[in-house]
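The values are calculated or read from the model by the stated rules, or taken from the named source; none is laboratory data. As the structure is a prediction and not an experimental result, all values here were calculated from the model. Note that we place each Cβ from the backbone using ideal geometry, even for glycine, and neighbour counts take in every protein chain shown.
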Amino acid sequence: MPKNASAVTKQKPVTVSVIKADIGGYVGHSASHPEILALARKWLAKAKSAGTIADFHVSACGDDLELVMTHWMGNDAKVIHGLAWDVFSKGTELAKKLKLYGAGQDMLADAFSGNVKGMGPGVAEMTFVERRSEPIVVFCGDKCAPGAWNFPLYKMFADPFNTIGLVIDPSMHEGFKFEVHDIHGGRDIFLSCPEEMYDLLCLIGSPENYIIKNVYTKKGEIAAASSTQKLALIAGKYVGKDDPVCIVRGQSGLPAIGEILEPFSFPHIVSGWMRGSHYGPLMPVSVAQATPSRFDGPPRVIALGFQVNDGALVGPRDMFDDPSFDLARQQANEIGEMLRRHGPFEPHRLGLKDMEYTTLPQVLDKLVGKSKK
């Protein structure tokens, strides 16, 4: 942490940036190589010593490298995004030497252009003034699309059956505002709950088209931020799964940590899994178990809990390393088993519209010459 960090935070808000990329899988798409994680920690430690960032944590969910950083430069800071790009670039070089699978998969550009958004990596960022106590949870998903956060974010911030604070906490009783991103139309739609709850559900019930981007209090303070980058829409073809990240602040006028985690006790169905072409249950797991292998899945989610203290990341606590989520894991396996028995049939395989950016169109093109009117 910079020597003057405490003084700085009294004047300037802190920014939490979570930037991820798949730069090579070990083995296949199942995990991240230890040397890749070590390289990332080394680079971010140098940046911390230089005062570029206040603190950091490096983790992995499946084959995705997850960089959690705090700093004082605000969202979309070129220096921070450039730092992440450098880490991913160096990691890609190492991944190629190790012959890891899909080395540099999420690096869709040859050179950094000022912001990693639109270049492959996924980004979730939020800037806020620290409260007396500042707990946050960073969620990282693997083998799933950005729309995977729609269901849990709705449950956290709009469903009183999940979040009792919406009913009994005066500071939450007015509800929250949702910023929904139309990934095909390229526009953002703002909806307020509970008064526009049905309109919100009309959109986010289609997570392949509309994604919750941010959640705010009614006073406009950031409460949650998620990545909305879809690789297929950026590259115009299948280049891998999107594997999103999300940051959620908790307590003191926001959902309690237990209310933030509660939606994941139900392994809801998300798109992704094998070759980004199947529906499957999102299984909440510890970091140690975030190594999907059955049919490259089922989809996984980890939860890293931190206390932010003058920019320092106190933690993490591995929030899903808890036997109270054993039933959710069991149900995820049972749901996954049922879906797997469908093989190449829908509803396990995605519908044709959602398969547009996978490798299926290449197969269908071959069949055109064999068709008859």
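Okay, residues lined up against (1) on the phi > 0 side of the Ramachandran plot; (2) touching a Phe, Trp or Tyr at 6+ places or on another chain (Cβ under 8 Å); (3) at pLDDT below 95:
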| site | (1), (2), (3) |
| --- | --- |
| K12 | no, yes, yes |
| E35 | no, no, no |
| A47 | no, yes, no |
| A77 | no, no, no |
| H81 | no, yes, no |
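Which residue, of S226, S206, is closer than 19 Å to A145 by Cβ and surrounded by fewer than 16 Cβ atoms within 10 Å (Cβ to Cβ)? Checking each option against the conditions leaves just S206.
Residues in the stretch 95-112 that are touching a residue at least 60 places away in the same chain (Cβ under 8 Å), surrounded by fewer than 19 Cβ atoms within 10 Å (Cβ to Cβ) and under 16 Å from P34 (Cβ atoms): L98, Y101. Scanning the stretch 133-177 for residues that are within 29 Å of L65 (Cβ to Cβ), of a type in the set (F, W, Y) and either in contact with a helix residue (DSSP H, G or I) (Cβ under 9 Å, 6 or more places away or on another chain) or surrounded by fewer than 23 Cβ atoms within 10 Å (Cβ to Cβ) (or both) gives F139, F151, Y154, F157. Which residues, taken from the stretch 181-207, are in contact with an Asp or Glu (Cβ under 7 Å, 6 or more places away or on another chain) and closer than 24 Å to L350 by Cα? Once the filter is applied, which keeps residues that are in contact with an Asp or Glu (Cβ under 7 Å, 6 or more places away or on another chain) and closer than 24 Å to L350 by Cα, the stretch 181-207 yields only H181.
May I ask you to verify whether I335 is within 19 Å of L282 (Cα to Cα) and part of a strand (DSSP E or B)? No. Assuming G91 fulfils every condition listed in (1) within 18 Å of M126 (Cβ to Cβ); (2) part of a helix (DSSP H, G or I); (3) touching a residue at least 40 places away in the same chain (Cβ under 8 Å) apart from one, which condition is it? For G91, the exception is condition (1). Would you call S192 assigned to a loop (DSSP other than H, G, I, E, B) and polar (S, T, N, Q)? It is false that S192 is assigned to a loop (DSSP other than H, G, I, E, B) and polar (S, T, N, Q). Look at P299 and say whether it is of a type outside the set (S, T, N, Q), under 16 Å from L153 (Cα atoms), in contact (Cβ under 8 Å) with a residue 12 or more places away in the chain and buried (at least 24 other Cβ atoms within 10 Å of the Cβ). No: the conditions fail for P299. For the stretch 269-287, a tally of residues being among the aromatic types (F, W, Y) and modelled with pLDDT under 95 returns 0.
Using the structure shown, decide if M119 is closer than 18 Å to S17 by Cα, modelled with pLDDT under 95 and surrounded by fewer than 24 Cβ atoms within 10 Å (Cβ to Cβ). Can you show your working first?
Numbers: closer than 18 Å to S17 by Cα: yes; modelled with pLDDT under 95: yes; surrounded by fewer than 24 Cβ atoms within 10 Å (Cβ to Cβ): yes.
Criteria met by M119.
Could you check, for the stretch 327-344, whether at least one of its residues is surrounded by 17 or more Cβ atoms within 10 Å (Cβ to Cβ), over 30 Å from A303 (Cβ atoms) and among the aliphatic types (A, V, I, L, M)? There is no residue in the stretch 327-344 that is surrounded by 17 or more Cβ atoms within 10 Å (Cβ to Cβ), over 30 Å from A303 (Cβ atoms) and among the aliphatic types (A, V, I, L, M). Of all residues in the stretch 99-119, none are outside any loop (DSSP other than H, G, I, E, B), under 18 Å from the mean Cα position of the chain (by Cα), closer than 30 Å to E259 by Cβ and not β-branched (V, I, T). Going through (1) closer than 24 Å to D63 by Cα; (2) in a strand (DSSP E or B) one by one, G147 falls short only on (2).
Of note, L201 satisfies the criterion of being touching a residue at least 40 places away in the same chain (Cβ under 8 Å) and not in a loop (DSSP other than H, G, I, E, B). The number of residues in the stretch 270-290 being crowded, with 19+ Cβ neighbours inside 10 Å, of a type outside the set (A, V, I, L, M, F, W, C) and in a loop (DSSP other than H, G, I, E, B) comes to 1. The residue that is farthest from P255 (Cα to Cα), counting only those in the stretch 299-328 that are in a loop (DSSP other than H, G, I, E, B) and under 16 Å from the mean Cα position of the chain (by Cα), is P299.
Table: residues versus (1) over 29 Å from V363 (Cα atoms); (2) touching a residue at least 12 places away in the same chain (Cβ under 8 Å); (3) in contact with a His (Cβ under 8 Å, 6 or more places away or on another chain); (4) of a type in the set (A, V, I, L, M, F, W, C).
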residue: C144; (1), (2), (3), (4): no, yes, no, yes
residue: G165; (1), (2), (3), (4): yes, yes, no, no
residue: D169; (1), (2), (3), (4): yes, yes, no, no
residue: G175; (1), (2), (3), (4): yes, yes, no, no
residue: H181; (1), (2), (3), (4): yes, yes, no, no
residue: K213; (1), (2), (3), (4): yes, yes, yes, no
residue: I222; (1), (2), (3), (4): yes, yes, no, yes
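Count of the stretch 56-90 residues, restricted to those that are within 20 Å of the chain's Cα centre (by Cα), under 28 Å from M319 (Cβ atoms) and either among the polar types (S, T, N, Q) or crowded, with 18+ Cβ neighbours inside 10 Å (or both), is 24. Candidates are the residues of the stretch 338-366 that are β-branched (V, I, T) and assigned to a loop (DSSP other than H, G, I, E, B); the one that is farthest from L261 (Cα to Cα) is T359.
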